[in-house]
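Written below as structure tokens is the structure these notes are about.
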Amino acid sequence: MSDSINGAPPQNGPQNAPQGPLLLNLQFTKDLSFEVPGAPEIFATLREQPRIDLQLDVQAKPLSGGPNLYEVSLQIRADAQVNDGKGGNTTAFIAELVYCGIFTVTVEQQMLEPVLLVECPRLLFPFARNILADVTRDGGFPPVLLSPIDFVALWQSRRGDAAAPQVANA
């Protein structure tokens with residue numbers, strides 16, 4: 001107790017804070033776009049809930065700011081289509097979001113890829129999901145509520161896609 005009074009940091013202060021194998025330092029919206037190409041007419045003719053086509057990607061890259069520092073980006077695109085009444089479809093809206101986190105990752109090399117492409121986006125996903133729901137609702141449409149994403153399956157399918165060309169060229 002006397003150490004704190006003399007200005008020395010307490011034993012459990014920031015310098016002695018436990019550092020795990022994965023630390024989320026910062027999260028932010030890197031890019032956000034919402035377009036309604038048919039506005040304002042689309043709002044007068046909208047008779048049904050739009051059909052949403054979702055695309056999702058995860059990217060990770062090392063940063064030069066320090067050792068074991070990575071930027072992980074969760075990229076989501078939602079294209080909403082409605083029946084135009086003439087047998088075709090028209091675009092109701094397009095929403096694009098790139099939501100990122102800066103992570104410190106201290107794991108063995110063989111665990112780095114699954115941590116960056118599974119665990120990191122799993123931490124970012126609830127915030128990205130909320131942003132996408134808010135922007136679509138604020139844009140005049142029902143909110144797009146993303147279902148939970150199986151990042152393990154996404155990573156495994158990505159690894160399968162990366163391995164396919166190597167097998168094909170063998």
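The values are calculated or read from the model by the stated rules, or taken from the named source; none is laboratory data. Bear in mind that the values here come from a model prediction, so they are computed numbers and not experimental data. Quick reminder, even Gly has a Cβ in these numbers, built from the backbone with ideal geometry, and neighbours come from all protein chains shown.
Is there a residue in region 77-93 that is closer than 30 Å to Ala44 by Cβ and aromatic (Phe, Trp, Tyr)?
Taking region 77-93 and keeping what is closer than 30 Å to Ala44 by Cβ, we get 77-93.
Imposing the further condition that a residue be aromatic (Phe, Trp, Tyr) reduces the set to 93.
Yes.
Here is a list of conditions, (1) more than 20 Å from Ala39 (Cα to Cα); (2) assigned to a helix (DSSP H, G or I); (3) modelled with pLDDT of 95 or more; (4) not polar (S, T, N, Q), and Asp134 meets all of them except one; can you say which number that is?
(1) is the only condition that Asp134 fails.
I need a count of the residues in region 42-82 that are over 23 Å from Arg129 (Cβ atoms) and outside any strand (DSSP E or B).
Residues in region 42-82 being over 23 Å from Arg129 (Cβ atoms) and outside any strand (DSSP E or B): 13 in total.
Are any residues in region 103-113 surrounded by fewer than 18 Cβ atoms within 10 Å (Cβ to Cβ) and either free of Cβ contacts under 8 Å to residues at least 40 places away in the same chain or of a type in the set (A, V, I, L, M, F, W, C) (or both), and if so, which ones?
Val107, Glu108, Gln109, Gln110, Met111, Leu112
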